[in-house]
Every structure is written in C-alpha cells, then in structure tokens.
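Participant: There's a structure below that I have some questions on.
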Amino acid sequence: MAHSSINAGVDFLYALLHGWWANSAQGERLMTLARSATEDNFLHQLQTLGILTVSDPHQVQSALILRQHARLCKLAELAGSAVAQYVHALLASLESENFKALLNYRFFPEREGHLVDFLVPFPGECTRDADLVALLDLPTLDEFMKHLRPEFQSPEYYEIARQLEQDQDIMRAECSIDNLNIKAELRAIGHLPFSMQGVARRLLSAEIDTTNVCTLLRNANFYHMNAKRLSVAWIEGGTERVNRALWDRLADAPDAGTVIAQLPAEFAEPLRANSFDTTSHMENLLRCRQMRLARQAFYDSASPTHAIPAYPFLLRMETINLARIYEGVRFSVSAREIEEMMIQ
C-alpha cells in the first residue's frame, strides 16, 4: 500500500473527518435512504446524496465495503505513522473476510452460490472465476496457502487453516481469525498517541462485549450449543463487565430472557422491554449503544484527537446501515421495518 509523506495535523484530520461524517448516511439522509422502496431508487439516492455511485447493481455490497476500505486507506495515508499502523490493523480485519470465504469454499465445496459473489475485490485481490477455481483445486494446503495474498501466509493464518483441515470446524476457524484481528488492533492501539489510546480501547472493548453478548443471545434463541461447543466463539479483549466467567455461566441459558436477566445493567436495560422481540432487534439495540459511544467520542470538542479513532467505528456502522437498507429494499421489506433496524 502506498504511503504519503504527508503527516496531517490533528486540526486538519478533525475537520476532514467531520466533513466526511457530515455528508454520510446519518440522520434524515439515512431515513431518506431507508424509505427508498426500490433498488433503483436506493441507488439513485446514494448517488444524489453524494455517498456512492454504484456502476454494477449486482455488486452493491462489495461497493459499500470498498467505500469503507477507501476511506480508511485515505485516513492512513494522511495520518502519522502511529495512526496509520492502527488503521492498517482495521484494514487487515476488513480484508480477512475474504480469507474466511476462501476457507469456506476450500473445505466446504458443496456451498451454494459462486465464491466470486462472496469476495470483495480489494486492490491487489484476485477475484476472477478461472483463477479462483484453480486456487481451490490445488491439491495440498501448502500450495493453497502459498497462492494467497502475502497477508494470509503468516504462521497464524496457516495454523488456522491446518486446524480447519483437521477438524472441519468453520466456526472455530472464523472466530480464531476474529481473535487474531482483535489482537493486532490492540497492539496497534498501544502505539497510538497517548491522547487516543484510552478512547480507542474503550470503543474496541465495547465492540467485543457487544459481539460476545450477541453470540449469547443467538445461542439461547437459535443454536442451543452447550458451553463447551460455544467456547470457541468467545472473543478476547473486552471488558471485565462481560467476562469469561459470565460467558460460561450463560452459555447454557435456555432462552434470551435468562441471558438478559444476568447481563450488566448497560446491556440489560435496553433489552428488558424487548426480551420477547426478535433477536435481530435486540442485537440492533446493542449496536445502537455502540454507536452512541462512538458518536460521543467523535463529537468531544474538548478532546479533538478522539475523533480520529472514533471515525472508523462510525464508518463501519454506516456501512452496516447501508447494507441493511439495500437488503431490505431488495426483499420488499417495509420502510418502517428498515428504519427500526438502523443503527443510530
């Protein structure tokens, strides 16, 4: 990835990021998109609002992620080396979703759909059908791994793939990749300027806690895995408010209400009135809590440096919102239901 010699100051980055966010899909602009009703109207509104122009309607999801990727790359290019290192860890996490897709199709070839539809064409990534078929048909794991992009050829990634080849446990593999990414992000946070470290850790910890709580809710409502099986889905790096002891205690919970009753207050309170609502709605309430924390840090005028680590979290939520709207209009979900699933 090319690097700029520019080391933009905090004032410049603060203004730039606030300019990006002011023109993002938030507030009334987000509601306008949520009321699009049709795919064509949604794509037209995206372009009219200056958010994104999609050249191929069949690649909307990829285009949204590439927009997120490009914004992060621009931030890394303009920021100093410490911030760039942090942003590169976020980029690696985003790009690792392609590695998950490749593992799925390598070891579970009976999957429906084409691999190319699940890969995001990041810069330098090969996503041509013929090349992907040849890659998946390589006879040994060593050959397969050697033909992946260099970032996926580390000993850690190789060990995840080797373990998957042995146990065929894709959930373990994907969660191992997530934990690998989290460790890299935590290391990068440790190199940020001191004024940014605390808020970056808080926001990442909130994301990890939310992911772990959502896993518990999904397990109670749908999966019903026992504590031993669910243990592979635990994500390290959160706060002690949602610790491993609590996770183990709630892993066998018979229903979401039991989980909610024992969660810390900041998670339980927004859920109690919705304990018999859909799991997706409950998860969304928790994501809205994350959004509020990131927005509070982003708009903290007394600490303008906080906007720099907060922006990637806001950008990620914006991408999720836009993807949800697109899926909603594709499947003729009502505007009211789409609005309820917006992370605000």
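The values are calculated or read from the model by the stated rules, or taken from the named source; none is laboratory data. Note that the structure is predicted; figures quoted are calculated from it, not measured. As a convention, Cβ positions derive from the backbone with ideal geometry for all residues, glycine included, and neighbour counts pool all protein chains shown.
Participant: Every residue in segment 136-147 that is out of contact with any helix residue (DSSP H, G or I) (no Cβ under 7 Å at 6 or more places or on another chain) and not β-branched (Val, Ile, Thr), please. Spell out how you get there, then give the answer.
Facilitator: Filtering segment 136-147 for residues out of contact with any helix residue (DSSP H, G or I) (no Cβ under 7 Å at 6 or more places or on another chain) gives 137, 139-140, 142-143, 146.
Selection gives Asp137, Pro139, Asp142, Glu143, Lys146.
Participant: What residue, of Ala188, Ala184, Ala227, is surrounded by 20 or more Cβ atoms within 10 Å (Cβ to Cβ) and of a type in the set (A, V, I, L, M)?
Facilitator: On the way: Ala184 fails: surrounded by 20 or more Cβ atoms within 10 Å (Cβ to Cβ); Ala227 fails: surrounded by 20 or more Cβ atoms within 10 Å (Cβ to Cβ).
Going through Ala188, Ala184, Ala227 in turn, just one is surrounded by 20 or more Cβ atoms within 10 Å (Cβ to Cβ) and of a type in the set (A, V, I, L, M): Ala188.
Participant: So, one more: Test of understanding: among Ala84, Ala101, which residue is surrounded by 16 or more Cβ atoms within 10 Å (Cβ to Cβ) and in contact (Cβ under 8 Å) with a residue 60 or more places away in the chain? First the steps, then the outcome.
Facilitator: Values: Ala101 fails: in contact (Cβ under 8 Å) with a residue 60 or more places away in the chain.
Every option except Ala84 fails the conditions.
Participant: Return the total of residues in segment 67-86 being more than 17 Å from Val120 (Cβ to Cβ) and part of a helix (DSSP H, G or I).
Facilitator: The first filter runs over segment 67-86 and keeps only residues more than 17 Å from Val120 (Cβ to Cβ), leaving 74-86.
With the extra rule that they be part of a helix (DSSP H, G or I), the set shrinks to 74-78, 81-86.
The number of residues fulfilling the criteria is 11.
Participant: Applying the selection to segment 309-328, what residues are among the β-branched types (Val, Ile, Thr) and buried (at least 22 other Cβ atoms within 10 Å of the Cβ)?
Facilitator: Ile325
Participant: In segment 130-153, which residues are among the charged types (D, E, K, R) and either assigned to a helix (DSSP H, G or I) or more than 17 Å from Leu119 (Cβ to Cβ) (or both)? Spell out how you get there, then give the answer.
Facilitator: We begin by selecting, within segment 130-153, every residue among the charged types (D, E, K, R); these are 131, 137, 142-143, 146, 149, 151.
Within segment 130-153, Asp131, Asp142, Glu143, Lys146, Glu151 meet the criteria.
Participant: I need every pair where a residue in segment 317-335 that is farther than 23 Å from Arg289 by Cβ has its Cβ under 7 Å from the Cβ of a residue that is outside any helix (DSSP H, G or I), sequence separation at least 6 or different chains.
Facilitator: Val329/Ser36; Val329/Ala37; Val329/Thr38; Ala335/Arg35; Ala335/Ala37
Participant: Of these, Ala273, Ala245, which one is within 30 Å of Ala37 (Cα to Cα), small (Gly, Ala, Ser) and without any contact (Cβ under 8 Å) to a residue 12 or more places away in the chain? It would help to see each step written out before you state the result.
Facilitator: Details: Ala245 fails: within 30 Å of Ala37 (Cα to Cα).
On inspection, the qualifying residue turns out to be Ala273.
Participant: Sticking with this structure for a sec: Residue by residue through segment 191-203, note down the ones that are touching a Leu at 6+ places or on another chain (Cβ under 8 Å) and crowded, with 21+ Cβ neighbours inside 10 Å.
Facilitator: Ala200, Leu203
Table: residues versus (1) among the hydrophobic types (A, V, I, L, M, F, W, C); (2) within 30 Å of Ala63 (Cβ to Cβ); (3) under 24 Å from the mean Cα position of the chain (by Cα).
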| position | (1), (2), (3) |
| --- | --- |
| Ala130 | yes, yes, no |
| Pro139 | no, no, no |
| Glu143 | no, no, no |
| Phe152 | yes, yes, yes |
| Tyr158 | no, no, yes |
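Participant: Here's a check for you: in segment 1-37, which residue that is β-branched (Val, Ile, Thr) and surrounded by 12 or more Cβ atoms within 10 Å (Cβ to Cβ) is modelled with the lowest pLDDT?
Facilitator: Filtering first and then ranking leaves Val10.
Participant: So is Ala297 more than 30 Å from Gln197 (Cα to Cα) and either small (Gly, Ala, Ser) or at pLDDT below 95 (or both) or not? Spell out the reasoning first.
Facilitator: Numbers: more than 30 Å from Gln197 (Cα to Cα): no; either small (Gly, Ala, Ser) or at pLDDT below 95 (or both): yes.
So Ala297 fails the test.
Participant: Taking segment 52-68, which residues are buried (at least 17 other Cβ atoms within 10 Å of the Cβ) and of a type in the set (A, V, I, L, M)?
Facilitator: Val54, Val60, Ala63, Leu64, Ile65, Leu66
Participant: Another question, then. Return the total of residues in segment 248-282 being assigned to a helix (DSSP H, G or I) and within 14 Å of Ala206 (Cβ to Cβ). Even if it seems obvious, please write down each step before you answer.
Facilitator: Just the residues of segment 248-282 that are assigned to a helix (DSSP H, G or I), to begin with: 248-250, 256-262, 265-272, 279-282.
If we keep only those that are within 14 Å of Ala206 (Cβ to Cβ) too, we end up with 266-267, 270.
The total comes to 3.
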